[in-house]
Amino acid sequence: MNPAALLTFLENLAQHNERDWFQDHKATYDHLRADFEQDVAYWLRELTAAEPALAGLEPRKCIFRIYRDVRFSKVKVPYKTHFSAYFAVGGKQSEGPGRYIQIGPNGQTIVAGGIYEPTKEQLAAIRQEIDYAPDGLHTLLATPAARQFFPRGLAGDQLKKMPPGYDAAHPEAGWLRHKQFLLLHSIPDAEVRHLSPEALRAHILAALQALGPFCEWLTATNDR
């Protein structure tokens with residue numbers, strides 16, 4: 001994948017987000033998409049080596065389409081302005097913990113992991129674990145890899161008030177208010193453009209691997 005070329009294409013797409021322009025530049029898109037799929041295949045192989053449950057998952061089952069679903073959106077532009085993929089048991093439609101990569105201009109390049117839309121049962125299990133045994137989460141967020149890639153700690157939307165059944169004075173109140181349980185690593189546009197394809201691929205892999213303990217912790221909370 002040529003990072004600079006991909007950002008340039010996506011910047012131009014943002015300025016001309018219409019079908020005619022996209023069709024005129026479809027060959028460029030197809031080439032960039034094929035390169036991205038190769039990188040996704042590489043990340044998937046490396047992640048599977050440490051997480052055998054991902055075995056059998058194909059790169060195309062991880063990659064999201066560039067076409068937007070505009071049926072229920074006020075924004076009617078037809079194309080996304082980023083490339084993205086999700087690594088989880090069951091593929092990109094999985095409801096379980098997973099790891100996400102997104103590459104795009106204007107600060108859109110991120111590596112993230114966790115649960116974006118937890119079910120009611122998942123949410124209850126995670127909050128119970130934080131209530132009863134928060135040391136596990138404290139420990140994994142204190143590792144060198146977590147501090148390198150996720151220094152801000154837990155990310156995601158939060159409730160304004162404590163969820164029912166939890167005291168506002170709880171020592172882990174900040175975590176208990178979360179509706180999403182995510183770790184997030186952003187890569188600035190300048191870094192994406194100036195890193196070599198090999199260096200960017202390695203950087204993204206390291207961030208994806210750093211998410212492993214967090215995804216394992218989330219999985220364990222729902223297996224108890």
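Structure notes:
- Lone unmet requirement of (1) in contact (Cβ under 8 Å) with a residue 40 or more places away in the chain; (2) assigned to a loop (DSSP other than H, G, I, E, B) for ALA145: (2)
- For the stretch 83-134, filtered to residues that are aliphatic (A, V, I, L, M) and surrounded by fewer than 16 Cβ atoms within 10 Å (Cβ to Cβ), the residue that is farthest from the chain's Cα centre (by Cα) is ALA133.
- The C-beta contact set for the stretch 30-45 (first residue on the phi > 0 side of the Ramachandran plot and surrounded by fewer than 19 Cβ atoms within 10 Å (Cβ to Cβ), second residue of a type in the set (S, T, N, Q) and at pLDDT 95 or above, distance under 9 angstrom, 6+ apart or interchain) is empty.
- Taken together, LYS76, LYS61, LYS80 contain a single residue that is among the basic types (Lys, Arg), surrounded by 12 or more Cβ atoms within 10 Å (Cβ to Cβ) and at pLDDT below 95, which is LYS61.
- Members of the stretch 52-63 found to be in a loop (DSSP other than H, G, I, E, B) and closer than 20 Å to ILE110 by Cβ, listed by number: CYS62
- Residues (of a type in the set (A, V, I, L, M, F, W, C) and surrounded by fewer than 14 Cβ atoms within 10 Å (Cβ to Cβ)) located in the stretch 207-224: ALA220
- Within the stretch 182-224, considering residues that are part of a loop (DSSP other than H, G, I, E, B) and closer than 25 Å to GLY104 by Cα, the one nearest to the chain's Cα centre (by Cα): LEU211
- Of all the residues in the stretch 1-22, those that are assigned to a helix (DSSP H, G or I) and farther than 16 Å from GLN108 by Cα number 4.
The values are calculated or read from the model by the stated rules, or taken from the named source; none is laboratory data. Treat the numbers as computed from the prediction; the structure is a model and nothing was measured. Here the Cβ is made from the backbone with ideal geometry for all residues, glycine too, and neighbour counts use every protein chain on show.
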